[in-house]
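Visitor: First, the structure itself, so that you have it in front of you.
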Amino acid sequence: MSFVQFSGVGLAFGARTVLSGVSINLGAGTKAALTGANGSGKTTLLRVLAGALEPDSGERSVQKGTRISWLPQSGAAFGGEPGTVREAADRAFAFGYTLVREQEEIAAGLAGGKGPGALLERYQEISDTLADCGWDRRGDRAEMVLTGLGFHPGDIDRPAAEFSPGWQMRLALAKILLENPDILLLDEPTNYLDLEARTWLEQFLLNFGGGFLLVSHDRYFLDVTVKEVYELFNGECRRYKGNYTEYERVRKVELETLTARYRAQQEEIHKLEDFIRRFGAKATKAAQSQERQKMLDRMERIEIPESLKSIHFSFPPAPHSGRIVLTVTGAGKTYDGQRYIFRDIDLVVEQRERLVVTGVNGAGKTTLLRILAGVDTAFQGNLTWGAGVRGAYFSQDSAEAIEDGRTLLDLFEEEAPTELVPKVRDMLGAFLFRGDDVFKATNVLSGGEKSRAALLRMLLRPCNLLILDEPTNHLDLYSKDVLLDALKGFAGAVIFVSHDRAFIEALATRVLELSPPAMNAGAGAAGRARIFPGDYRYYLDRLSAEAAESPETRAETHVPRLNRPAAVMTPPKNECRRLKRSEARILAEITGEEAAKSALEGALCLPENYRNGAKSRELQGKIAASGERLAALLSDWEAVSAQLAR
């Protein structure tokens, strides 16, 4: 049985102790999460476990032959892949290629009449290893993993360097999974994954025969995949049995006791400090003051996790508005006048409603939110805001507005409503700006930091309609909870898109599902929009019921592509000719769309464009729209190719 054991691991950076006496065991069948406050050392511990960082102390024991694969969180580790996506994925099988070369050398030695005994045993051992890891099926495995993580068949033979950082991360994750190691170490594997890819990864990890330790800020993902939780707190590591919800339940009881002790100690510290401050200068009390100072110096201070320092904030009072917040009639969106992303959407949004927009990539979720927010005005149909409605829109592009050079603390103290000014530092802490981070200038923030700051900035402005596109990106579990509590108490309406299932389940009161145009649809085709008058669990139950009633729908819509059963009958010749014509048409459209997207990206790189905020945002919107069209076209091409292959 393969295993990795660490005992008494210690590590310090200067005067700061990051890990202290950490012990952890990972073996086949381990399904564990690593949790802790932001900055507690989770990524550092994973680096130590992976052998990428040498600890100051402790013992590391790895069984001979155990293979460990590590997915780092940093985007700097991704990208720069030479060759196509397929070729990049194939490099995950380097272990197998090494064995094959060794086997070939053994075969050459045996042919030369060299001692056959040990060589024959090694030759057979290599054969067994290659058979166990599915060496002969590596191409199929690569396509299965890549497709499961969202790559279309047409993407697999494209140059890997063409893909965005988010897709580079997916490729890096695919390579780690394809290595089929004994131990997987995954640092934020769900970053940049949509719901469909996360669901696929959940199933992969559930069926994985080795062991894994992962860090994630997706509560639902953790609950589904793990059976134990390791918590890092004040440099020490403790193990809890059960999934993440069970860990939170047990830890809550422990932390209530810890909090009570912390408060009692703080009261005692306050009394001692008050005595020293009042009587320290008096000769008659000097000895007593010195004794109390010694008591303070000897006291072992109790610390509590950041997540226990309860931070709750409420939105500024929502301006008064009518019951109907937003009315949409006959909304449709097309870029070429023939193919519609969606069409004939009718929607009424009322006060205090929390509407989630869901659907696969390319279904038009972001496009619809841009229309509802008034950012995209080139659409068909009518959009009417109710009387007195004041809206606020958050997207990843919102981060561009956080660049004025003020410090975060100055920015928020100047812009926050008067009643919230005393809570500004707490709110910044809730959004992961802690300690000296609040003094950072806004023009030196990273992309993720700007996104968090833009979200908080928007939440502090009075409004009664929030339109949020992926608000939980770049937030940890604690920050998500703070945001969720605030949104639940918000007096206005919320329309949002999210890939965090736990967040959706906790917030949504109604579901709008967008589906891309049907397969093989010609001119005039449109995606489908359906309203489900219930929360997200009701929506999932409805989908399950529909799938049970219609096996064909289940196979087409809800079963992962690679698991679809093959058709029993081959399409007739006239159908094959029609499918081939459709395939040729779609490939021509893909070629044209890719050229158009490349031209837009080239234009964005020109100084006169990227230095112009308005022009830059316009081009980015067009690039995003082109990407959605490409995703829909590739989905169609995949479907036609699958039918032709029957």
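The values are calculated or read from the model by the stated rules, or taken from the named source; none is laboratory data. These numbers come from a predicted model, not from an experiment. Glycine also receives a Cβ, built like all others from the backbone with ideal geometry; neighbour counts cover every protein chain displayed. In case anyone asks, the SASA skips ligands and DNA or RNA and just uses the protein heavy atoms, side chains included. Shrake-Rupley method; radii C 1.70, N 1.55, O 1.52, S 1.80 Å.
Visitor: Assuming 0.36 nm per residue, please report the length gained on full extension of the stretch Asp128 to Arg263 beyond their Cα-Cα distance.
Guide: The span from Asp128 to Arg263 would gain 42.5 nm if fully extended.
Visitor: For the range 169-288, state the average projected area of the convex hull of the C-alpha atoms over all orientations, rounded to one decimal in nm².
Guide: 11.5 nm²
Visitor: Let me check I have the definition right: for the range 108-221, take the eigenvalues of the Cα gyration tensor, multiply each by 5, take square roots. What are those semi-axes in whole Å, largest first?
Guide: Three semi-axes, in Å: 35, 18, 11.
Visitor: When the Karplus curve 6.51 cos²θ - 1.76 cosθ + 1.60 is applied with θ = phi - 60°, which whole-Hz ³J(HN,Hα) does each residue of the range 207-216 get, with x for Gly and Pro?
Guide: Per residue, the Karplus-derived 3J(HN,Hα) values read 8, 5, x, x, x, 9, 10, 9, 10, 8 Hz.
Visitor: Determine the per residue accessible area of the range 105-261 with all protein chains present and a 1.4 angstrom probe, expressed in square angstrom.
Guide: On the way: 7070 Å² over 157 residues.
Value for the range 105-261: 45 Å² per residue.
Visitor: Could you tell me which of the pairs Lys271/Lys423; Lys450/Lys488; Lys271/Lys480; Lys423/Lys488; Lys440/Lys488; Lys42/Lys175 are separated by over 28 angstrom between their Cα atoms in the structure shown?
Guide: Lys271/Lys480; Lys440/Lys488
Visitor: Now, a different point. How about Lys333: which aspartates and glutamates have a C-alpha closer than 14 Å to its C-alpha, ignoring those fewer than 8 places off in the same chain?
Guide: Asp344, Asp346, Asp376, Glu628
Visitor: Let me check the size of the range 463-512 from its C-alpha atoms; what are the radius of gyration and Dmax in Å?
Guide: 10.3, 27
Visitor: I'd like the projected area of the range 344-400, averaged over all directions, using the convex hull of its alpha carbons. Report it in nm² with one decimal.
Guide: Its average projected convex-hull area is 5.1 nm².
Visitor: Also, I was wondering about something else. Can you figure out the FRET efficiency of Glu419 with Arg352, using R₀ = 25 Å and their beta-carbon distance, to the nearest 0.05?
Guide: 0.70
Visitor: In addition: Accessible area of the range 1-144 with a 1.4 Å probe: how many percent of it is carbon plus sulfur?
Guide: The value for the range 1-144 is 50 percent carbon and sulfur by accessible area.
Visitor: When ranked by the protection proxy of mean other Cβ atoms within 10 Å per residue, highest first, what sequence do the peptides 536-549, 182-195 form?
Guide: 182-195, 536-549
Visitor: Work out from phi, with θ = phi - 60° and the Karplus expression 6.51 cos²θ - 1.76 cosθ + 1.60, the ³J(HN,Hα) of each residue of the range 82-96, listed in order in whole Hz, and give x for Gly and Pro.
Guide: For the range 82-96, the Karplus curve yields x, x, 7, 4, 4, 5, 5, 5, 5, 5, 5, 9, 4, 4, x Hz.
Visitor: Now for a different question. May I ask you to compute the full-extension gain from Asp541 to Asp426, defined as 0.36 nm times their residue separation minus their alpha-carbon distance, rounded to one decimal in nm? Intermediate values should be presented prior to the final figure.
Guide: On the way: separation 115, 0.36 × 115 = 41.40 nm, distance 3.92 nm.
Value of the extension gain: 37.5 nm.
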